1. At a probe radius of 1.4 Å, figure out the A/B buried accessible area, summed over both chains, and give it in Å² to the nearest 100.
2. Which whole-number value in Å³ per residue fits the convex hull of the alpha carbons of the protein assembly as shown?
3. Do me a favour and compute the ellipsoid semi-axes for region B:55-213 from its Cα gyration tensor, root of five times each eigenvalue, largest one first, whole Å.
4. Quick one: which residues, 5 or more positions from B:Gly87 or on another chain, have an amide H under 5 Å from its amide H? H modelled 1.01 Å from N in the peptide plane, none for Pro or chain starts.
5. How many Å² of accessible area per residue for chain B, probe 1.4 Å?
6. Could you report the accessible area of A:Trp200 in Å², rounded to 10, computed with a 1.4 Å probe on the protein chains as they sit in the structure?
7. Could you compute the net charge surrounding A:Val150? Neighbours are other residues with a C-beta less than 15 Å from the C-beta of A:Val150; K and R count +1, D and E count -1.
8. Percent relative contact order of chain B, based on C-alpha pairs within less than 8 angstrom and at least six residues apart?
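The values are calculated or read from the model by the stated rules, or taken from the named source; none is laboratory data. All figures in this text were calculated on a predicted structure; none of them were measured in a lab. Cβ coordinates were reconstructed from backbone atoms using ideal geometry, including for glycine residues, and neighbour counts include every protein chain displayed. Accessible surface areas use protein heavy atoms only, side chains included; no ligands, DNA or RNA. Shrake-Rupley method; radii C 1.70, N 1.55, O 1.52, S 1.80 Å.
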Amino acid sequence: MKTVKYIATADSPKSLNRGKYLFGVLIITVVSLLIFDIFFGSVSIKASDVVKALFSHDGSTFETIIMKFRFPKAITAFTVGAALSLSGLQMQTVFRNPMAGPDVLGISSGASLGVAFVILGFSGSITTDSINGLGNWILVAASWLGAGAVMFLIMILSSRVKDIMTILIIGIMFSSGISAIVTIMQYFSNETMLKAYVIWTMGSLGNLTSNQLNVLLISVSAGAILSLISTKRLNALLLGENYAASIGLNVRFARFLIFACTSIMAGSVTAFCGPIAFIGIAVPHMTRILFKTADHSILIPGTFLTGGAVMLLSDIISQLPGSESVLPVNSVTSLIGIPVVIWVILRNRKYSTLF
Amino acid sequence: MNSKQILSLDSLKIGYVSGNQKSVLLPPLTATANTGELVAVIGRNGIGKSTLLRTLTGIQESLGGEVFFAGKDMRDYSRTELAQKVGYISTEIVKVHNMTVHDLVALGRFPHTNWIGKITSTDDEKIMDAIEKTSMLAFRNKFISELSDGERQKAMIARILAQDTDIMVMDEPTAFLDIGSKYEIMNLLHVLSQKSEKTIIFSTHDLHMAISQSDKVWLILDNQLLEGAPEDLMIEGAFDHLFESSSVHFNSENGTFSFRGENRGSLYVEGDGLIKYWTKEAITRAGFSLSDEITKPYIKVNMGNKNKWQFVSLNSVEEFYSIYELVCRLQKEDFRSI
């Protein structure tokens with residue numbers, strides 16, 4: 001037994017150190033990107049003015065730009081990236097499908113259907129501008145329900161269809177079906193509602209009111225805590241449901257917990273920032289490459305940080321530092337995410353039904 | 001004997017529920033297994049072996065009857081307690097990227113760890129012990145996607161060893177393996193049942209291996225489950241039921257198969273040693289039966305510095321220098337009339 005103990009401690013700290021080192025690097029990266037995102041934008045502000053704006057309250061234009069716009073936007077970017085990536089990670093594990101993610105499987109569409117019901121379904125008195133306080137929670141809850149409903153349907157189908165590409169196509173069908181429903185709703189809605197909805201679909205990180213940002217932060221924190229609670233369950237689910245059940249996992253409850261968690265995170269982000277593509281599917285793979293592990297006790301915090309970093313980077317790129325024009329952030333995330341997704345597809349073509 | 005009994009099935013009904021419809025696969029099954037026994041589950045494809053094994057593990061609901069683990073009804077165990085009592089390996093191949101053998105084996109500790117899955121020093125010892133017993137130490141930090149089929153199966157076995165259950169249920173653990181890995185896994189199961197007192201219930205299609213290696217056989221037939229030492233079942237001629245309608249014949253004398261093809265008459269083989277044994281095998285394969293008394297014609301084998309076979313008929317003696325040549329010659333013959 002002595003030799004066994006020796007071996008057990010001989011090389012495990014090495015991998016532990018690699019993890020710690022990587023987490024250190026990630027945290028530094030996130031902080032640097034956060035600072036960079038605040039310092040650079042379409043209006044060029046001198047570094048000294050940025051610092052002054054952050055630490056004094058002189059009511060200058062710079063202070064307004066920094067404190068009311070850039071700072072909340074940077075925080076939103078991090079939160080959105082972290083939340084989408086974390087929900088993507090969990091979906092990939094639960095569906096045992098490397099192509100799973102909130103946007104590809106139609107979960108984001110489901111969330112947007114919920115939003116459409118709130119904005120287009122109610123009277124013209126509700127617009128994105130007038131939604132406040134309780135209204136934000138209604139919007140978010142509708143989004144959660146829409147995301148959860150699609151997730152539930154996909155789950156039922158994936159228990160019958162094992163092929164990941166088939167499920168992917170079904171997800172695309174769902175998205176198309178939902179946009180058809182939304183188009184019908186748009187057709188029957190009045191001009192004000194329509195305008196409010198169209199503005200929402202454009203998606204942006206910078207349009208959140210402080211109240212909305214609070215709702216987003218609370219929801220995403222709840223989701224992140226739920227994911228941490230699910231760590232052990234997610235690890236068991238890696239082996240598939242039969243094995244997970246055979247080692248004592250309550251599969252039905254685990255699924256419910258994980259679906260609730262992903263619906264909350266993907267739904268909240270979609271409710272306030274519109275559909276943001278490819279972060280949810282690509283970042284978990286980036287994290288796996290980085291940490292070279294399948295253990296969720298490392299992947300969950302890892303994905304959280306990587307997702308935040310990638311989204312901050314996308315936001316910085318979309319500002320086109322040094323110029324005055326701004327790119328839609330959705331295009332930037334797509335251009336970052338798509339190569340990763342293609343790489344995963346190429347790597348997995350040998351066993352398309354397996355994770 | 002009864003004090004050692006760890007598993008018993010009492011009129012267990014297995015099958016599927018779809019909607020309100022229950023479809024029971026087999027008549028109620030009754031069987032037992034003792035501590036440290038290697039039990040082979042044998043039956044034709046699709047008869048319900050996998051369903052039985054899944055029902056035993058608690059993954060699938062039973063449709064009636066009872067299963068007792070150590071004298072306690074399976075339904076009185078909680079999920080976690082059950083997972084501490086019985087482990088399971090299915091035919092499903094686990095291919096997870098970036099998962100090391102150590103990670104996989106550590107998952108076996110699932111029913112023993114706390115809510116977040118913290119690995120204590122006891123867990124670590126059990127994990128390392130399991131890896132060592134399956135001789136996977138050298139592969140500990142390898143990714144399971146890099147392993148061969150045989151190595152991966154050993155890693156899976158290490159995982160249920162770490163789960164620390166009295167009973168291990170395995171669905172065709174040697175399927176898809178090359179012959180070397182097959183025997184290695186079988187040997188491992190044998191050692192685990194003997195030394196670690198694990199009761200191993202495994203299904204297999206390799207009848208020869210099941211008969212020579214297992215302590216007990218559960219033979220599932222369409223109308224009943226027969227249990228006993230493989231030799232008991234052999235004496236009863238139970239295995240013959242497996243091949244009732246086919247042209248395969250099971251020889252209860254030596255536990256091998258033969259094809260019930262056309263019988264082309266009987267032949268006597270004169271000679272001794274290894275060469276005689278293999279000559280007999282070849283002649284049987286060619287469709288002749290072996291005779292204990294001298295026949296005309298007959299075969300004479302000579303071992304010398306050059307092996308020689310003689311085909312002695314009434315008025316001639318033909319000589320051959322390999323079994324292949326001999327069998328080619330015999331293909332033309334039919335001795336039923338003689």
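1. Values: alone 17360 and 17880 Å², together 31950 Å².
Between A and B, the summed buried area is about 3300 Å².
2. Per residue, the Cα convex hull of the protein assembly as shown comes to 233 Å³.
3. Ellipsoid semi-axes (Å, largest first): 23, 22, 14.
4. Correct list: B:Ile167, B:Met168, B:Val169.
5. Result: 48 Å² per residue.
6. It works out to around 20 Å².
7. Numbers: positive: A:Arg255; negative: A:Asp103.
Combined, the nearby Lys, Arg, Asp and Glu give 0.
8. 16
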